[in-house]
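Everything on this sheet refers to the single structure shown next.
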Amino acid sequence: MHKPSPRCVLLFASLASALSLSAAQPLTIQVEAGAHDRVNALVAFKLPPGNYHWPVLRSGPAPLPLQVDKQGQAAFILPQLAKGETRTFEIVTKTSERDGGPVSVRGRKDGAQYWFSADERPVVYYQSEPSEVPSPEIPQHYRHGAHLMAFSPAGRLVTGDYPPDHYHHRGIFFGWTKTDFEGRAPDFWNMGKDKSGKLTGEVRFDSLVERWSGPVHGGFVSKHRWFDHTGGAAKPVLDEVWRVTVYDVLKGAGGRDLHIFDFETTQTCASDSPLKLPKYYYGGLGYRGSRQWDDKKNFFVLTSEGETDRVKSDQNPCRWIALSGKVDDQLCGLAILDYPSNFRSPQTVRVNPNNPQTCHSVSETGDWEIVPGKPYVSRYRFVTFDGAPDKAALDSLWQDYAHPVRVTVR
């Protein structure tokens, strides 16, 4: 039998020693609160390559679920950390789902809809393909997909669909209104027919790229294609990717449950032609509130600037905006948080004085364009709640979103 050389023996011994040392020194992270108090804050960070099978974080008797994807992107919910303080957690790898905690956020497919729930409560569903119109008086060309519908933690629907005054308002959606594409003007917001009876612009679902569930979050990635119909045959204008991440139920101020999901859209020119976007007062990320808020006496606005007047909040920038009202005689609502790296952030919001509709109208402050080779990326965080909106709580949530805790992996 061949006898290993002293050099090989030394090499094997060194490797065994390193592995033993690695096993004796588990991976830890240090979390820094920074300049803000953190209460049930969403935390995301990058881990080095490894096999993280149902991991949890330990810093005391109760472990925290940790979710790690294939790229090493990790996420957990930090219960509490005062400003200026730090806390160290040990990453512990478990051997089964039961050891690591239950899957709290789940996704399921129901026809053309992709539903996501947290702790078995509906949070949001994505309408991919066009839906069927709910009544015969609604023209078929309004049945487009590519939008989201959202629920409060108590299960109340806080988005509107096919409202009689604007059939094209479909929950949470994205569309540019006034455009210039190769000298033509397709409208991707008002996706019904124009006065001439023709569809000018269309946002069409293309494919579902990914869908996942987990102990901290679930979500999906989808592709859309934007078409110009003004030149006869449909011509691709933009390729769009949506990434929606739905989180486990968070506890807000006073112990109230909150539903939170992140929305990211990346738009890329589908040809060598740019999409020019002249100055206009609405377009971009759109949100239509509950049909029960169509009564203006049952529709309320609150912005990060403390503005509650619909007219005064219209065409003004804000870090976040909340719309609320009663659904089945119970107050509830939805807030949209603007990410600081967004184009022209804090973005101007359009608040319709006659119906529960708002949008982040990037074009309101001047002409701009999406050009080939330079993707346009925008990010927003949505928060749904029961009861009246809490300004202090929404300010804190925006701070967590805009200025997250710092994580150091050791």
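The values are calculated or read from the model by the stated rules, or taken from the named source; none is laboratory data. Bear in mind the structure is a predicted one, so any value in this text is a computation, not a measurement. Don't worry about glycine lacking a Cβ; one is built from the backbone with ideal geometry, like all the others, and counts go over all protein chains shown.
Values computed for the structure shown
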quantity: Residues (modelled with pLDDT of 95 or more and among the β-branched types (Val, Ile, Thr)) located in the stretch 92-111; calculated: Val105
quantity: Residue that is closer than 24 Å to Arg38 by Cβ and either crowded, with 19+ Cβ neighbours inside 10 Å or modelled with pLDDT of 95 or more (or both), where the choices are Asp395, Asp367; calculated: Asp395
quantity: Cβ-Cβ under 9 Å pairs, at least 6 apart or on other chains, the stretch 33-54 side at positive phi, far side crowded, with 16+ Cβ neighbours inside 10 Å and of a type in the set (Asp, Glu); calculated: Asn40/Asp400
quantity: Complete set of residues in the stretch 1-35 that are within 30 Å of Ala82 (Cβ to Cβ) and either aromatic (Phe, Trp, Tyr) or modelled with pLDDT of 95 or more (or both); calculated: Thr28, Ile29, Gln30, Val31, Glu32, Ala33, Gly34, Ala35
quantity: The stretch 352-379: number of residues that are part of a strand (DSSP E or B) and either under 21 Å from Arg310 (Cα atoms) or without any contact (Cβ under 8 Å) to a residue 40 or more places away in the chain (or both); calculated: 4
quantity: When residues of the stretch 47-66 are limited to those that are among the hydrophobic types (A, V, I, L, M, F, W, C) and either outside the structural domain of Asp37 (by TED's automatic domain parsing) or within 21 Å of Gly218 (Cα to Cα) (or both), the one surrounded by the most Cβ atoms within 10 Å (Cβ to Cβ); calculated: Leu66
quantity: Flag if Tyr126 is touching a helix residue (DSSP H, G or I) at 6+ places or on another chain (Cβ under 6 Å) and either in a loop (DSSP other than H, G, I, E, B) or not polar (S, T, N, Q) (or both); calculated: no
quantity: Residue ID - surrounded by the most Cβ atoms within 10 Å (Cβ to Cβ), chosen from residues in the stretch 123-143 that are among the small types (Gly, Ala, Ser) and free of Cβ contacts under 8 Å to residues at least 60 places away in the same chain; calculated: Ser131
quantity: Residue count for the stretch 181-231, restricted to those that are outside any strand (DSSP E or B), touching a residue at least 12 places away in the same chain (Cβ under 8 Å) and among the acidic types (Asp, Glu); calculated: 2
quantity: Residues of the stretch 195-215 satisfying the condition of being over 30 Å from Trp54 (Cα atoms) and either surrounded by 14 or more Cβ atoms within 10 Å (Cβ to Cβ) or of a type outside the set (D, E, K, R) (or both); calculated: Ser196, Gly197, Leu199, Thr200, Gly201, Glu202, Val203, Arg204, Phe205, Asp206
quantity: Pro163 being in the same structural domain as Glu240 (by TED's automatic domain parsing), touching a helix residue (DSSP H, G or I) at 6+ places or on another chain (Cβ under 8 Å) and over 20 Å from Ala233 (Cα atoms); calculated: yes
quantity: Filter result for Pro389 (within 14 Å of Trp293 (Cβ to Cβ) and in a loop (DSSP other than H, G, I, E, B)); calculated: yes
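Let's see how each residue does on (1) closer than 23 Å to Gly252 by Cβ; (2) surrounded by fewer than 17 Cβ atoms within 10 Å (Cβ to Cβ):
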site: Val68; (1), (2): no, no
site: Gln71; (1), (2): no, yes
site: Arg106; (1), (2): yes, no
site: Lys109; (1), (2): no, yes
site: Phe116; (1), (2): yes, no
site: Arg121; (1), (2): yes, yes
site: Gly145; (1), (2): no, no
site: Tyr162; (1), (2): no, no
